[in-house]
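As structure tokens, the structure follows; a few thoughts come after it.
None of the figures in this text is laboratory data; all of them are computed from the coordinates on show. Just so you know, these numbers come straight off a predicted model, no measurement behind them. Neighbour counts run over all protein chains shown; Cβ positions are idealised from the backbone, glycine included.
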């Protein structure tokens, strides 16, 4: 039986992490809200963008 090695290379995790850091900076979230943003990222973005509309 031959050994098979499968390599999966994806930068999706890095893109998500960069987006999360952008969210923390753009929304000026503190540490605990930043941790909460891990789960509620779309809520924080939507809430801020809705406030920017005229």
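Determine, yes or no, whether residue 40 is part of a helix (DSSP H, G or I), free of Cβ contacts under 8 Å to residues at least 12 places away in the same chain and surrounded by 11 or more Cβ atoms within 10 Å (Cβ to Cβ).
Details: part of a helix (DSSP H, G or I): yes; free of Cβ contacts under 8 Å to residues at least 12 places away in the same chain: yes; surrounded by 11 or more Cβ atoms within 10 Å (Cβ to Cβ): yes.
Considered against the rule, which asks whether it is part of a helix (DSSP H, G or I), free of Cβ contacts under 8 Å to residues at least 12 places away in the same chain and surrounded by 11 or more Cβ atoms within 10 Å (Cβ to Cβ), residue 40 comes out as yes.
State yes or no: is residue 27 in contact (Cβ under 8 Å) with a residue 12 or more places away in the chain and either in contact with a helix residue (DSSP H, G or I) (Cβ under 9 Å, 6 or more places away or on another chain) or surrounded by 10 or more Cβ atoms within 10 Å (Cβ to Cβ) (or both)? Give the derivation first.
On the way: in contact (Cβ under 8 Å) with a residue 12 or more places away in the chain: yes; either in contact with a helix residue (DSSP H, G or I) (Cβ under 9 Å, 6 or more places away or on another chain) or surrounded by 10 or more Cβ atoms within 10 Å (Cβ to Cβ) (or both): yes.
Yes: the conditions hold for residue 27.
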